[in-house]
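Please treat every number below as a calculation from the coordinates, not as lab data. Since this is a predicted model, take the numbers as computed values, not measurements. Reconstructed Cβ throughout: ideal geometry from the backbone, glycine too, with neighbour counts over all protein chains shown.
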Amino acid sequence: MRPLVAGNWKMNGLASSLGELSRLKEALAARAPAYDVLVCPPVTLLARAVDAAAGAFAVGAQDCHALPGGAYTGDISAEMLRDSGASFVIVGHSERRQLHGERDGDVAAKAGAAWRAGLTAIICIGESEAQRDAGDANRVCGDQIDGSVPEGATAANTVIAYEPVWAIGTGKTPTLTEITAMHGHIRSVLVRRLGEAGRGVRILYGGSVKPDNASEILNLPEVGGALVGGASLKASDFLSVIAGLSPS
Ligand code: 13P
């Protein structure tokens, strides 16, 4: 399975940030990487990011509407993202679930929209700290997969990102044992739900992945890559995270 290291810029980045993408392109173009790299900038920079990447890495979006078009002021369809050069879209990020009230059914509809437009959906799941403390993390994440991952998910059209809510932007991470256990649980739910196709779907870890912890997390056999927030904004940090893929 080819690992995927994805950067989620969230609501950060102006035209002046495109230089980071040029630096990323220079560094990646010099290698023949055995992994996939993706950057998800704000949608305002999407088309320019595709130009800056020049094929050295993929470009994706952070959300989409479920419908292809219509009277939905301010919304953006998966088809529009594809038209701008995106190849991936993140759906169901915990910030969308928490701040925009998105529920599993909404996330499943958005994942279906991504497939309809020819995009790979990165479907995010993850428990809160209270849910983990209550011993509920496995059930919560299993339920989120059941509700958010539509029938028809394959390794080609879907990536799962396990992002414990309490680890996002906090500097806190689960232990390696906890990450291994949760990724194993997610795999078993995917296989139960999707059959053989569930074995090939990449499962990323996200939440406070930094240059200093990337190597130990990325080299866990159950981890298929990372979804990186803050440490993806600077090319130098993101390249250090990516470098963690080679065992040190
Ligand atoms: P941080 O890497 O900043 O914790 O963010 C993780 C995240 O939410 C990526 O989608």
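Please say if the range 1-88 is rounded, prolate or oblate, where rounded means a/c under 1.5 for a ≥ b ≥ c the square roots of the C-alpha gyration tensor eigenvalues, and otherwise the choice is prolate for a/b larger than b/c and oblate otherwise? The shape class here is prolate.
Site pair Asp75 and Ala134 shows an inter-label distance of 3.1 nm when each label is modelled 7 Å from Cα along Cα→Cβ. Springs join every pair of Cα atoms under 10 Å in this Gaussian network model of the chain, and among Asn219, Asn12, Asn157 the largest mean-square fluctuation is at Asn12. Taking Lys and Arg as +1 and Asp and Glu as -1, the other residues whose beta-carbon sits under 10 Å from that of Ile203 total +1.
So what is Rg over Rh here for the chain, counting just Cα atoms and using Kirkwood for Rh? Please list the in-between numbers first.
Details: Rg = 16.7 Å, Rh = 17.8 Å.
My calculation puts Rg/Rh at 0.94.
Hey, got a sec? Which trypsin sites (Lys or Arg not before Pro) in the range 109-167 land in a DSSP loop and have at most 15 other Cβ atoms within 10 Å? Provide the component values of the computation, followed by the final result.
Details: sites: Lys110, Arg116, Arg132, Arg139; in loops: none.
When the trypsin sites (Lys or Arg not before Pro) of the range 109-167 are filtered for loop state and at most 15 Cβ neighbours within 10 Å, nothing remains.
Which loop chymotrypsin sites (Phe, Trp or Tyr not before Pro) in the range 19-118, with loop taken from DSSP, have no more than 12 other Cβ atoms within 10 angstrom of their Cβ?
Details: sites: Tyr35, Phe57, Tyr72, Phe88, Trp115; in loops: Tyr35, Phe57, Tyr72.
For chymotrypsin sites (Phe, Trp or Tyr not before Pro) across the range 19-118 that sit outside H, G, I, E and B with at most 12 neighbouring Cβ atoms in 10 Å, the list reads Tyr72.
Secondary-structure-derived ellipticity at 222 nm for the chain, considering helices only, amounts to -11500 deg cm²/dmol, per-run term -39500 (n - 2.57) for DSSP H runs with n ≥ 4.
If the chain linking Asp51 and Glu196 were pulled fully straight, counting 0.36 nm for each residue of separation and taking away their Cα-Cα distance, it would gain 48.5 nm. The alpha carbons of the range 182-243 give a radius of gyration and a Dmax of 13.3, 40 Å, in that order. The fraction of Cα-Cα pairs per 5 angstrom bin, counted from 0 for the range 42-97, comes to 4, 20, 29, 23, 16, 7, 2, 0 percent, rounded to whole percents.
When Met80, Met1, Met182 are sorted by how many other C-beta atoms sit within 10 angstrom of their C-beta, beginning with the fewest, the order is Met1, Met80, Met182. Sorting Ser77, Ser208 by the number of Cβ atoms found within 10 Å of their own Cβ, with the fewest placed first, yields Ser77, Ser208.
Kirkwood hydrodynamic radius of the range 105-248, from the reciprocal of the average inverse Cα-Cα distance over all distinct pairs: 15.4 Å. A DSSP coil position with no more than 12 other Cβ atoms inside 10 Å describes the following trypsin sites (Lys or Arg not before Pro) in the range 12-78: Arg31. If the segment from Asp143 to Asp83 were pulled out straight at 0.36 nm per residue, it would be longer than the present Cα-Cα gap by 18.3 nm.
State which entries of Lys25/Lys172; Lys110/Lys234; Lys110/Lys172; Lys25/Lys210; Lys10/Lys234 exceed 25 angstrom in Cα-Cα distance in the structure shown.
On the way: Lys25/Lys172 30 Å; Lys110/Lys234 29 Å; Lys110/Lys172 29 Å; Lys25/Lys210 20 Å; Lys10/Lys234 13 Å.
Pairs exceeding 25 Å: Lys25/Lys172; Lys110/Lys234; Lys110/Lys172.
Starting from the Cα coordinates of the range 112-183, work out the convex hull volume and express it per residue in Å³. List each step's numbers first, then the result.
On the way: hull volume 7.4 nm³, N = 72.
Taking the convex hull of the Cα positions in the range 112-183, it is 102 Å³ per residue.
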